[in-house]
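The structure appears right after this line, and notes come after that.
The values are calculated or read from the model by the stated rules, or taken from the named source; none is laboratory data. Source: prediction; values computed, not measured. No Cβ is skipped: glycine too gets one built from the backbone with ideal geometry, and neighbour counts run over all protein chains shown.
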Amino acid sequence: MGSGCRKFPGVAMNRYRRSVVALLCLTVCITSGLAQFPARNRYAGGYMYNFYMPPSASTPWRPAWSPDGKEIAFSMSGSLWKIKVGDTTAYELTANKTYDSAPAWSPDGRWIVYTAEDGQGINLMLYNVATGESTTVTEGGQLYADPVWSPDGNTLAYVHNEPRSRFHIYTRSFDNGSFGEQVRITEPNDFGRGRLYFGRYDDHIQPTFSPDGKEIILVSNRGITLGSGAIWRAPLEPDAMSKANRILREETLYRTRPNWSHDGKRILYASHRGSQYTNLYVHPVHEGEPLQLTRNPWDHFDPAWSPDGEWIAYISNEHGLSELRLLKTFGGTDEKVEIKRRVWRRPMGRIEVFVKDDTTGELTESRVYMKASDGKIYAPENTYQRVAARAAKEDFFHAPGHFIVEVPIGELILEATKGPEYWPSQGNFYVHPKGVTRIELELTRMANMNAMGWWSGSDHVHMNYGGNLNNTPEYMLFEAKAEDLDHVGWKIANKDNRVFDTQYYKGEPLHSLSDDQYLISFGEEYRPAWYGHINFINLTKHLISPFTTAYQDTGIASLYPSNTDMFALARKQGALGGHVHPFSREPSMDSEYRVAQTYAVDVALGSFEFLEVLTSARHYTATSKVWHRSLNCGFKVTASAGEDSILNLQATPPIGAARMYAYLGEKLTWDGWVEAVREGWTFVTNGPLIQFTINGEIPGAEIRLPADGGSVEVRATLESIVPLETFEIIRNGEVIESIPLDFDNQKAVFEKRIEVTESGWYTLKAAGAGIKHPIDDAYPVAETSPIYVYVGDQPIRSKEDAEYFIQWINDLVTLWDGYEYWRSDREKEHVLGQFREALAVFEKRRDEAR
């Protein structure tokens, strides 16, 4: 008999034929197969790419004044544009196959240097203002950024990621359209050890020239533990940092962009100064105090002085997406630069797209991929263009069921997807220069998991995290609907010395937008620098401070309190806990058992309920092995999932890219979700949909057999929108059944009675090989939480795995016994005492193994 279990509902999955219906100029076009959509370079993803590299957006970024102050150049929709001050019509300057940004207008007004991103790297291009033609300045698969002209126009400074893949400042002489050889003016410098989120070797970025062209001000983390760097003043000569003076020390995150005033007396820059939002400041060109210019609860990016010093052009995200604004340096005028009309330099057409759910016939939100005739994607002006940062690095945007956007004329490939329960819908079209090309895409259901009592959710989502979008719960819910995600597990967390979205949490676990169809829950990702990041759900009173520990060069550099202490504090509020993005490689002393360094301690002490087994396929590969080892020692750990999407960054996994399905029955409720996580009624997936029962009981169940064992009835089903390679039943970490796949390796049904002679846990796993569009991951994979089958009173034990964890904990004691930042012996003894307590648990279980 099972105990504390729920029965598998007797409802079969429905499979539908793929359907792509497109109406184009009164012609119906049905296509099949998947296109290769535009991909970003290998650096796409990560904090630096999002905070530092110029984004591709449907709205303005990176403004630059013309030398006469009458026009502003900026990037938008993958091209460079310009607009006259006081006008509302913007004119496209470049129309390349690259994503162009970061314009820098030469002092004589004849040239604009800019960055151009493709699938290989980010390079520099030179635009001739008179002819409208561009020529190559750099090429290859590396990164170039931050171009800036000397005041006399004879020198270009910029940033390049060499040597050691760190960022350095280079210069080139310039004469009438021709550049000289590049000269590096900053030298590699070894900090002496790795830094949290920053490399061992220093970076040097964001140069700005003095009015006489003899000096630069830049941002560098030379000699600094935390952040992207301080502001330095240095001569324009080789090995400049050896003669540099630091003029402002604060923890930055790539947003600074100092801009030397034309009078030479001060710099304009952007800073968060520990708050959620980035505002504008001025500072003397020597040591002094910063003065805040803007004081708003939204971000202010990319500031630039006008040539006369009277105005500041900058980017605001007050209303969500970016907008170009002009701030008067005195008087209080702060006005939006309205762009009411776009004049493109190449023929464009307008498409009107309708995406429908073929079951209901209603318009529906979706994730949209596009490949226009120039090979790029064009997002509507009211949507946030994204890069799927995990594996494929394809551009996409989330869209409502009806949208309109301008694209280049010619061939167009358009695809809509909506999570793993819908077949993708794709069509090939031709866009004409006149009129509106009408396109209809139908999304056909492959499965209806809700009808079977299973509800999907990502339990690791960040709404705002210092990115370009000023995100809101409403927009986050819109994107969840586009991914067919029932539950959003919103994590409030720190990034360095900042904590985001705290104003939304009111001591209740659910946001007010939650209803019987969608849940938005509040949780916290507690992010210590060494122990490993942990997740709390169902906090009912307050958040858990100080949000991190072991943050070096701060007042919380100690390893006290431990994650064990924090799990206990959360439980006092009725919260559940677990480790997130635990391991991207098998933990060992070589890696100091990171990221979830104290997983072995906390699983032994019973500190948490779940483990984020699936953050990404790469994490799953390593994490599932550790998870299986702990199950082999008799611990019950629910499989959870969440892709760690950061939804105001451009490059991030789509929300729901790694999701957990929880069995709640007929209704979606928060109490039901918490119970499912506590009891283990879950499976995790980035695509494949699997169901597994033993004697009719779902994952999380305990099944008791007599002391001499017996037989059990196993049932497994699979459906997938992409082809798979394997479908397996696992017992105590070993494959005991390999199940054949049908229908192009996308479906399977399996039933068998198996003999059981000893206690064990059982899971069901499906996996594929390689990237399979539209799954943004290294490979498709799914696995259930365990079903536990006990024979008599025999426990589940493994001597080998217990010894593995014993070695792990002994290594931790060795690692942290000599840690230099303990504040007292009492703190040290408290934490190491927890380690020793966990060690005793594993030693006992080792001795209990047969």
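Here are a few things to note about the model shown:
- Ile377 vs. criteria β-branched (Val, Ile, Thr), not in a loop (DSSP other than H, G, I, E, B) and not assigned by TED's automatic domain parsing to the domain that holds Gly132: no
- If you filter region 49-65 down to residues that are part of a loop (DSSP other than H, G, I, E, B) and of a type outside the set (Val, Ile, Thr), you find that the one that is surrounded by the fewest Cβ atoms within 10 Å (Cβ to Cβ) is Ser58.
- Of residues in region 18-56 being modelled with pLDDT of 50 or more and of a type in the set (A, V, I, L, M), the one nearest to Asp146 (Cα to Cα): Met53
- Subset of region 524-570 that is touching a helix residue (DSSP H, G or I) at 6+ places or on another chain (Cβ under 9 Å) and assigned to a helix (DSSP H, G or I) - its residue that is surrounded by the fewest Cβ atoms within 10 Å (Cβ to Cβ): Asp565
- In region 457-475, the residues that are under 15 Å from Gln517 (Cα atoms) and either outside any strand (DSSP E or B) or over 19 Å from the mean Cα position of the chain (by Cα) (or both): Glu474
- Residues being within 23 Å of Ser106 (Cα to Cα) and either within 35 Å of the chain's Cα centre (by Cα) or in a strand (DSSP E or B) (or both) - total across region 203-243: 14
- Residue in region 605-616 that is touching a Leu at 6+ places or on another chain (Cβ under 8 Å), assigned to a loop (DSSP other than H, G, I, E, B) and either assigned by TED's automatic domain parsing to the domain that holds Ile537 or modelled with pLDDT of 95 or more (or both) present: yes
- Test for Lys625: is it out of contact with any Leu (no Cβ under 6 Å at 6 or more places or on another chain) and outside any loop (DSSP other than H, G, I, E, B): yes
- Count of region 748-797 residues which are assigned to a loop (DSSP other than H, G, I, E, B), among the β-branched types (Val, Ile, Thr) and touching a residue at least 60 places away in the same chain (Cβ under 8 Å): 3
- With respect to the conditions (1) within 30 Å of Ser66 (Cβ to Cβ); (2) in a strand (DSSP E or B), Arg246 falls short on a single one, namely (1).
- Meets criteria (outside the structural domain of Asn538 (by TED's automatic domain parsing), more than 23 Å from Asp459 (Cα to Cα) and buried (at least 21 other Cβ atoms within 10 Å of the Cβ)) for Ile721: no
- Within region 606-625, the set of residues being of a type in the set (A, V, I, L, M) and in contact with a helix residue (DSSP H, G or I) (Cβ under 7 Å, 6 or more places away or on another chain) comprises Leu611, Val613, Leu614.
- Within region 400-423, the presence of a residue that is surrounded by fewer than 20 Cβ atoms within 10 Å (Cβ to Cβ), of a type in the set (S, T, N, Q) and outside any loop (DSSP other than H, G, I, E, B) is excluded.
- For Asn317, the conditions (1) assigned by TED's automatic domain parsing to the domain that holds Pro151; (2) under 29 Å from Met476 (Cβ atoms) are fulfilled apart from (1).
- Contacts under 8 angstrom Cβ, first residue in region 664-687 being among the small types (Gly, Ala, Ser), partner surrounded by fewer than 17 Cβ atoms within 10 Å (Cβ to Cβ), 6 or more apart: Gly672/Gly665
- In summary, strands (runs of 3 or more DSSP E) completely within region 91-160 and bearing 2 or more residues that are out of contact with any Cys (no Cβ under 9 Å at 6 or more places or on another chain) and of a type in the set (S, T, N, Q) occur at 122-128, 134-136.
- The residue that is nearest to Asn471 (Cα to Cα), among those in region 321-354 that are part of a strand (DSSP E or B) and in contact with a Pro (Cβ under 7 Å, 6 or more places away or on another chain), is Glu323.
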